[in-house]
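The values are calculated or read from the model by the stated rules, or taken from the named source; none is laboratory data. Predicted model only: the values in this text are computed from it and were never measured. A quick note on method: Cβ atoms are made from the backbone with ideal geometry, for glycine too, and the neighbour counts reach across all protein chains shown.
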Amino acid sequence: MAVLVVAAHDGATVKESTGKVVAAAQKIGGDIDILVAGDNAGGAAASAAKIAGVRKVLHADGMGKQLAEAMEALIVPLAANYDAILFAADTTGKNVAPRIAAKLDVMQVSGLIDVLGPKTFIRPIYAGNALTTVESSDPKIVATVQPTAFKTVGEGGSAAVETISAPGGALKAAFVGEEIAKSDRPELAGAKRVVSGGRALGSDEKFKAVIEPLADQLGAAVGASRAAVDAGYAPNDYQVGQTGKVVAPELYIAIGISGAIQHLAGMKDSKVIVAINKDEEAPIFQIADYGLVGDLFTLVPELRAELEKAGV
Amino acid sequence: MKVLVPVKRVLDYNLKVKVKSDQSGVDLSNLKMSMNPFCEIAVEEAVRLKEKGVVTEIIAVSVGPEQAQETIRTALAMGADRGILVKVDGDVEPLAVAKILKGIVEAEGPQLVILGKQAIDDDSNQTGQMLAALLGWPQGTFAFKLDVASDKVTVVREVDGGLQTVALELPAIITTDLRLNEPRYASLPNIMKAKKKPIDVKAPGDYGVDTTPRLKVLKVTEPPKRQGGVKVKTAAELVDKLKNEAGVL
Ligand SMILES: Cc1cc2nc3c(=O)[nH]c(=O)nc-3n(C[C@H](O)[C@H](O)[C@H](O)COP(=O)(O)OP(=O)(O)OC[C@H]3O[C@@H](n4cnc5c(N)ncnc54)[C@H](O)[C@@H]3O)c2cc1C
Ligand SMILES: Nc1ncnc2c1ncn2[C@@H]1O[C@H](COP(=O)(O)O)[C@@H](O)[C@H]1O
């Protein structure tokens, strides 16, 4: 058995999610290799090599922004060496993995949250309101892994890094540009604490004035409901939920969020959930460990003052 | 140019699913079924392209049971020109749907296929990418904004961390994200008109596709229930609980 884990990275280092996908790979069993594809991603390849229990790292430079068309050309020829190919269920993994699966004539397992055997997995359906246990009859496994469901594999390895060449040939897709917000806050998907705001914030000014200072005081990432994003209070990549990001921090604070099932799908596995909402019947209170009923515009400043008193 | 829009019939997004007590699946009996919301966004985008004069014909396709006709009718009422129902009872996995769609693309010759990014029942997020791979076409997934020219399409995509723009040669595959547009409601006259628009009925075999699932469902269960906690009266009490009871500060 051999498993290929396709790394998520920023060029300099692999993201924590890669260690979590390696944890899923360990449950499948066999040798584990990591593929680091990108541009000037030597640093990321070196950090992948340190993950415990990895056999080798394949490093392909000249892969630009990991466009799906290029990734398909790189990974499909490697597939012969592997029984399973795993990606993190982030936007890159979701974009690339199904192309590989289709080329290999494999039905992909999306967003798996547990591995019961080399071909048996649990994955959420219906916004996480049901869990399905599936057994694949395909010769190979192609899957995306929900990183929040696994404990990361730490450092301690010293795998060899093998350079492989990027595929040649023209692509029918080209990268034009990107708008990636630079932030000193932790990344939402892997954050230990998350403060999220909903439609109740009312404007982007108020979102910034109320949610962000609380997040910064707690060293938390900022999240949002779909309604807040749609209304332009927060950027799209803040959206937590069924069709946004799935988070499972130690502390999740939902402020002015009603708790629609699509939102809950993205945060219900958080360790401790706090809800602040003026409607005591809001569904968010059904899953919150601690609920505070009242107007967020008075309660959040009070909370900040109390945190300060407590030395936070 | 012709556009193909695959639309899936799913449990209405407002409804909560019930898991069957024998763990064989979810119970959909007597529940309202609707068009998958991301597919509505796909239909809307195609209709807007037609209104702009970029697109000449919109074909809505659904793979599913007889009742998926209703989903196609909804697309026709929104502005699609004709429909194709590929009739299959039981679940059809994204890989098989992609293979069927490939057959339809080869028969119809569209320049664009606009799909939803994700069906809200299986939450797979696969079909568009798979279709792109099977056809050897480029893909613009999770589209936030589209700009279609005669030989290429520029797609702004929602990605982790922000937005990414790619340029794709036509023909191409697009999958829609939530903020691409706000789908219209069909007007009564358009609903009446849609009743006269043609729907072809096909079978997977017409495209040489075997829809036998590759993933065998061993069981479907309810997720562990999270217990609601307590209401606290003040911010001070909250901080105390977080610090001394939950230990997360
Ligand atoms: C296909 C699809 C996908 C979706 N995906 C997602 C997703 O990924 N993530 C997501 O979040 N949603 C998603 N949604 C949307 C979801 O159904 C809800 O519409 C959305 O989560 C509601 O956001 P909200 O809670 O901010 O707004 P609302 O439901 O309007 O809730 C606002 C809350 O704020 C409270 N409030 C108002 N004023 C105050 C105040 N001054 N102080 C305190 N509380 C106040 C109100 O009591 C209310 O509970 C999706 C929907 C669809 C159809
Ligand atoms: N049975 C189906 N019939 C028509 N279109 C489908 C079907 N299944 C999936 N699709 C299309 O593929 C998109 C993504 O679905 P999925 O890959 O299942 O999450 C949907 O939004 C539809 O556009």
Open item on the list: Being within 12 Å of chain B (Cβ to nearest Cβ), assigned to a helix (DSSP H, G or I), crowded, with 22+ Cβ neighbours inside 10 Å and on the phi < 0 side of the Ramachandran plot is the requirement here; does A:Ala73 meet it?
Closed with: no
Open item on the list: Give me the residue from the range A:6-56 that is in a loop (DSSP other than H, G, I, E, B) and of a type in the set (D, E, K, R) and, out of that set, surrounded by the most Cβ atoms within 10 Å (Cβ to Cβ).
Closed with: A:Lys15
TODO: With a cut-off of at least 3 residues that are aliphatic (A, V, I, L, M) and at pLDDT 95 or above, name the strands (runs of 3 or more DSSP E) lying wholly within the range B:139-249.
DONE: B:139-148, B:152-159, B:162-169, B:172-176, B:215-221
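Let's see how each residue does on (1) facing chain A (nearest Cβ under 7 Å); (2) free of Cβ contacts under 8 Å to residues at least 60 places away in the same chain; (3) loosely packed, with under 15 Cβ neighbours inside 10 Å:
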position: B:Asp210; (1), (2), (3): no, no, yes
position: B:Leu215; (1), (2), (3): yes, no, no
position: B:Glu222; (1), (2), (3): yes, no, yes
position: B:Ala235; (1), (2), (3): yes, yes, no
position: B:Lys243; (1), (2), (3): yes, yes, no
position: B:Leu249; (1), (2), (3): yes, yes, no
Task: Options B:Ile84, B:Ile100, B:Ile72; residue that is in contact (Cβ under 8 Å) with a residue 24 or more places away in the chain and surrounded by fewer than 24 Cβ atoms within 10 Å (Cβ to Cβ) - done: B:Ile84
Task: Contacts under 7 angstrom Cβ, first residue in the range A:226-242 being within 16 Å of ligand 2 (Cβ to nearest atom), partner of a type in the set (Phe, Trp, Tyr), 6 or more apart - done: none
- [ ] Can you tell me which residue among A:Val115, A:Val134, A:Val161 is farther than 22 Å from B:Leu135 by Cα, within 8 Å of another protein chain (Cβ to nearest Cβ) and assigned to a strand (DSSP E or B)?
- [x] A:Val134
- [ ] For residues that are facing another protein chain (nearest Cβ under 7 Å) and part of a loop (DSSP other than H, G, I, E, B), tally how many sit in the range B:121-136.
- [x] 6
Open item on the list: Going by what's in this entry, would B:Leu115 be described as closer than 22 Å to B:Asp81 by Cα, part of a strand (DSSP E or B), more than 7 Å from chain A (Cβ to nearest Cβ) and near ligand 2 (Cβ under 8 Å from one of its atoms)?
Closed with: yes
TODO: Test B:Ile41 against the criterion of being surrounded by 22 or more Cβ atoms within 10 Å (Cβ to Cβ), within 12 Å of ligand 2 (Cβ to nearest atom) and within 14 Å of another protein chain (Cβ to nearest Cβ), and give yes or no.
DONE: yes
TODO: Filter the range A:146-172 for residues that are among the small types (Gly, Ala, Ser) and farther than 30 Å from A:Ile125 by Cβ and give the result.
DONE: A:Gly154, A:Gly156, A:Gly157, A:Ser158, A:Ala159, A:Ala160, A:Ser165, A:Ala166, A:Gly168, A:Gly169, A:Ala170
TODO: Please name all residue pairs, on different chains or six or more residues apart, with Cβ atoms under 7 Å, provided the first residue is in the range B:32-56 and is over 15 Å from B:Asp81 (Cα atoms) and the second residue is among the hydroxyl-bearing types (Ser, Thr, Tyr) and within 11 Å of ligand 2 (Cβ to nearest atom).
DONE: B:Met35/B:Thr71; B:Phe38/B:Thr176; B:Ile41/B:Thr176
TODO: Go through the residues of the range B:124-132 one by one and say whether even a single one is touching a residue at least 12 places away in the same chain (Cβ under 8 Å) and either away from ligand 2 (no atom under 14 Å from the Cβ) or over 26 Å from B:Leu28 (Cβ atoms) (or both).
DONE: yes
- [ ] Give the residues of the range A:255-290 that are within 11 Å of ligand 1 (Cβ to nearest atom) and of a type in the set (Gly, Ala, Ser), sorted by residue number.
- [x] A:Gly256, A:Ser258, A:Gly259, A:Ala260, A:Ala265, A:Gly266, A:Ala275, A:Ala282
Task: Scan of the range A:82-95 for residues that are touching a residue at least 40 places away in the same chain (Cβ under 8 Å), part of a helix (DSSP H, G or I) and either within 8 Å of chain B (Cβ to nearest Cβ) or under 18 Å from B:Glu222 (Cα atoms) (or both), ordered by number - done: A:Thr92, A:Lys94
Open item on the list: When you check A:Ala174 against the structure, is it within 14 Å of chain B (Cβ to nearest Cβ), in a loop (DSSP other than H, G, I, E, B) and either more than 30 Å from B:Leu28 (Cα to Cα) or in contact with a strand residue (DSSP E or B) (Cβ under 9 Å, 6 or more places away or on another chain) (or both), yes or no?
Closed with: no
